[in-house]
Structures are given as C-alpha cells and as structure tokens.
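Step one of this worksheet: look at the structure below.
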Amino acid sequence: MTDRHIRNIVIIGGGTAGWMAAAALAKVLGPGHSIRLVESEEIGTVGVGEATVPHLKLFNQILEIDEVEFVKQTQGTFKLGIEFVDWGRIGDRYVHGFGSIGHDYGLLPFHQYWLKLFRAGKAADIGAYSLNTVAGPRGKFMTSASDAPAHSPLANIAYAYHFDAGLYAKYLRRYSEARGVQRTEGRVVDVLLRADDGFIEAVMLQSGEKLQAELFIDCSGFRGLLIEEALHTGYEDWTHWLPCDRALAVPCENVGAPTPFTRSTARAGGWQWRIPLQHRTGNGYVYSSAHISDEEAALTLMGHLDGRALADPRKLKFTTGMRKKFWNKNCVALGLASGFLEPLESTSIYLIQSGIARLLNLMPDRDFSRVLIERYNSQAAFEIERIRDFLILHYVATERRDSSFWRYCSDMTIPEPLADTIRLFKDSGRFFRNAEEMFAITSWVQVMLGQHIEPQHYHPAVDLVPDQEIAGLVDSVKNVIAACVEAMPTHAQFIARHCAAAPL
Ligand SMILES: Cc1cc2nc3c(=O)[nH]c(=O)nc-3n(C[C@H](O)[C@H](O)[C@H](O)COP(=O)(O)OP(=O)(O)OC[C@H]3O[C@@H](n4cnc5c(N)ncnc54)[C@H](O)[C@@H]3O)c2cc1C
C-alpha cells in the first residue's frame, strides 16, 4: 500500500500562531515529519497578545514546558481573571474570575441559592464567593497547594498568564528548533497552486527558493497570505456587532506591585487594557474609528498610563470577523490569518491552541477527506461564534449612554443565540453551555451579573432547601474563601519566591 501520510508541513509566519503550531506539531508528530517555518523579520509580527486564559496551562503540559522556566523566560506574571471598570455604568467595577463560584449544592449551581439570599438583601455581591475574585483585587496569588485538602479552594486555583509576546515567540522558537523544526528567514513572494484542484503546491521565497509541502499552515497574520490572498476564501465581517476596529498599544514603566489580573476599562470610544508583566506594563486602547479619532484615542491612552511610556503608541487596524473557512483545501489558517476577535477576554491565543488541537484530532492524509475538513470548519465556526457572542454581551449589557459609541452598542441588534441566553438568564438565572463552547456558566454569570442583568426569579427547587441551610451554605463559602485569601501570599511575593525573571 502506498504511504498516504502527510510528512511535509510548511508553516508561514513566526508570530505566536506560527511558533505555537510549530512547537505542538513537532512535539506531537515527532520524528518522521519535516516541519518548516518561514518568517520575515522585515515584516515582523503584530507584537501584542500578552494576556491569556487558563487553557494555556494544558498546552504547556502537553509540550512538557516547565512553568517556572516559562514564566521567567517570558517576564511573565499570573492572572486570576479580568477586572472590568466602568462597563455597566461609570463607577462600576467587577472581576470576571477564572474558576468556580462557590460549589454546586444538590442539583443546582451555587448562584441559584445565592440569588434567593441576594434578592432578600442577605448576601454580598457574587464576587465574594469566588477565590479568584476576592484574591485578585487584594493582590494575592498562589498556584494550587498540593498539601491542601481536596475540597479546599486552595487545592484547585484556576489561573492564566500574562507574558511578553516577543519573548514567548522566542521561547517557542528555541523549543521547536530543538525538536527539529527548520526555520527559514525570508519573504514569501508567490504561492503556486496545482492546476487540477487548486491545492497549494509550493510557496516561492524572495531568495528564489521553492518550498513544497503536503499541508500548509497559514500563520501570516491579518493578511492571510495563503488562505485569503492565494485561496480567496472570503471573510465574514462582524464589525456591526463588535465595532472596534483599531488599537493603539504602548508599554509603560511598572508602578507598584503587579496585579494578578488584566484590567479592562471602558472609555468613550472603546476600552483600555492594562497587562502587568515583570519588566513593564502593557497598555492599549481598542476603539471604534467610526466614533472617535486616532488623536483622541492617543490622548486618552497616554493620559491613563500608570508610569512613564516606554515607546510611542503603535497603531493597529483590524476587522473583527472570521474567515469563511478556517481550513481550505490543503491550507489551515491559525491566529490572525483565521479571523479576529478583539482581546476583551484574551481569547485569540486560546483559539490558536484550540485550532492546533482540532487539527491534530482531525489530521488528514494526503487525500484530504472532505468530511474531516467540514468537521474542522463547523467546530471552529461554532467556537468562535460563541466567543463572539460572549464579547458582544459586554457591550450590549451596558447602561452607558454618554457617548455615541455606547449608545450604538446598547441599541444594536444582537445575534439570536445571545439574545436567547440573556432572556433565559433574566428570567430565572438559568444558563446552558452549548456543546464545546469555551466559556462556562461561571463566566457568563459573572459578566451578566457584573453588568446588571439580574434574574427576576431563582430556580423553584431552591425553595425545597430550608432558608437556614441556604444561609449556612452561602455564608460558609464566603468565610472559607476569605480565610483562604488571607493565607495566600501576595502576587509579588509569589513571583519573587518562585519565578523572578532576570532583568533584560
Ligand atoms: C490590539 C491587539 C491586542 C491583542 N491582545 C491579545 C491578548 O491579550 N491575548 C490574546 O490571546 N490575543 C491577543 N491578541 C491577538 C494576538 O496578538 C494574536 O492572536 C497572536 O499574536 C497571533 O498572531 P499571529 O501569529 O497570527 O500573527 P503575527 O504576529 O502578525 O505574525 C505573522 C507572521 O507572518 C509573517 N509573514 C507575513 N507575511 C509574510 C511573508 N510574505 N513572508 C514571510 N513571512 C510573512 C510575519 O513576519 C510574522 O512572523 C491581540 C491582537 C491585537 C491586534
């Protein structure tokens, strides 16, 4: 029988997507495969993308990356969630924390019992019942304690990382090259398609070198060199739902201890991020050019930095949306080449990771079964559309009317599945996670409550539990969490003890 296995893979692009793909493919596929990555220093990378979600820990585990080494090498810090400031109303502040809120009791999630007490004025805000949302604002952090009892909140702490995007790509490059990935510095100037079926046959480099492969991975950034410029796949534009189309990014000096959370502050024409690293703080203003000018955005951003700016602000333009196919013929697009959702919930790097996992699960042979390709595309579309809806939720659930941007957001028509999710929650606090969607009930509940979508009722089964028992449950969760947070070190202490990076 002829060997139909894919042996030659070419990755175009050496940003976060390209190097994550190279590292994972080299690790999982192992020897017997040729993996080549082409990148152009002259073109460079997008240079942002520094906040993550907890799923990255799994990626690191599969790659057998040592956490301490990884954090040191990338000037990393830890992230318990995202603090949202001024989103529902000016003056609001809530944390979307990773991990659990209380614990399920009987058949119901904790927030159903909490709702009954809260509506009666007998419970604190939902944030008091999650380790992450209490520890974050107090600047406390630790990884899970291996000696804590299994039921203790300290036994299973959900966290992610902040890191320097450039250092992360370098780290993965070293990892990949050590496992046989061949890197080629150069610019792709042409893409050759097979005459009979339009599959990609080879890419031509400026040097004249021709790189052939069976599978091409397009990690070339927004332009989508293969997926769009060569294969004309098409793009679904979501600007009407996510109107921000520009960002200004600027690093500044650290002031004070690093917070164990990303901050997102709503501004007149969008929102500002703040990502603390060991050696600097990353900042950016994501905004809608239809509502404010670049000059206004720059003034706002520069006026709201913690410390001295370390560079001039860098402007990035984007269109939120997704490629009509993520996998077209023998090309799989990952990262910015596959689509873009603004970084409000730090989901882009996660989407790269999940695209890589999906590709490994649905790995084709040289016949490129249509069934595999269609499954990949339908799963990827479902995943990004649900994340899109979660992002839209932040905008539409605002009571702000103080600028044309916020008036637009609060009045826009939203996708029906999102409208349905909000209706159900408003009715009686119910939520159902669909299939393999990324964000769990705790994320949706925290954002909906944080932005004043308050359920009118709670689940009727809550009334089957005596009020005293409910009060005992809710109070004990709060007290246990408060005691655990008290015992935690500060984020700065934890980093200093375990993973302080060498100065650059
Ligand atoms: C403002 C902003 C903030 C963001 N913040 C976050 C965040 O906090 N968290 C998160 O998860 N994600 C975030 N993202 C997304 C994140 O930055 C990207 O998902 C991630 O960096 C991956 O980018 P990439 O590798 O796809 O593209 P790029 O970094 O653009 O890399 C493209 C690569 O292709 C190469 N290339 C292009 N053309 C050619 C050619 N002709 N020949 C050879 N090589 C070529 C380039 O040289 C480069 O190496 C953010 C994005 C933006 C725009």
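For the reader, a short list of remarks on this structure follows.
- With the alpha-carbon atoms of the range 387-445 aligned to their principal axes, the span from lowest to highest coordinate is 36, 23, 19 Å, starting with the largest.
- Label zone at Asp427 (point 7 Å along Cα-to-Cβ), backbone N below 18 Å, the range 110-126: 112
- Each principal axis of the range 20-133 carries a Cα extent, and these read 64, 38, 22 Å when sorted largest first.
- Among 400-407, 462-469, the peptide with the highest mean count of other Cβ atoms within 10 Å heads the list, and the full ranking is 400-407, 462-469.
- Fraction of the pair-distance distribution of the range 19-71 above 18 Å, Cα-Cα pairs, percent: 48 percent
- Within the accessible area of the chain (1.4 Å probe), percent carbon and sulfur: 51 percent
- The order of the peptides 233-244, 76-87 by mean Cβ neighbours within 10 Å, most packed first, is 76-87, 233-244.
- Accessible surface of Asp3, taken over heavy atoms with a 1.4 Å probe and every protein chain present, rounds to 70 Å².
- For the range 71-150: rounded, prolate or oblate by the Cα gyration tensor [a/c cutoff 1.5]: oblate
- Computed over the range 252-304, the P(r) tail beyond 19 angstrom holds 30 percent of alpha carbon pairs.
- The chain: projected area of the alpha-carbon convex hull, averaged over directions, in nm²: 25.2 nm²
- Once the gyration tensor of the Cα atoms in the range 405-481 is diagonalised, the equivalent ellipsoid follows with semi-axes of 29, 15, 14 Å, ordered largest first.
- Among the listed pairs Lys116/Lys478; Lys210/Lys329; Lys79/Lys478; Lys140/Lys478; Lys72/Lys170; Lys116/Lys140, those beyond 23 Å (Cα-Cα): Lys116/Lys140
- Per DSSP, loop trypsin sites (Lys or Arg not before Pro) in the range 208-251 with at most 11 further Cβ within 10 Å: none
- Counting only protein heavy atoms and a 1.4 Å probe, the range 144-207 has 50 square angstrom of accessible area per residue.
- Net charge contributed by nearby residues that have their C-beta within less than 9 Å of Lys315 (K/R +1, D/E -1): +2
- The Cβ shell under 9 Å around Asn8 holds other residues with a net charge of +1, Lys and Arg each +1, Asp and Glu each -1.
The values are calculated or read from the model by the stated rules, or taken from the named source; none is laboratory data. Treat the numbers as computed from the prediction; the structure is a model and nothing was measured. Positions of Cβ are backbone-derived with ideal geometry, glycine not excepted, and every protein chain shown enters the neighbour counts. We work out accessible area using only protein heavy atoms, side chains counted, and drop any ligands, DNA or RNA first. Shrake-Rupley method; radii C 1.70, N 1.55, O 1.52, S 1.80 Å.
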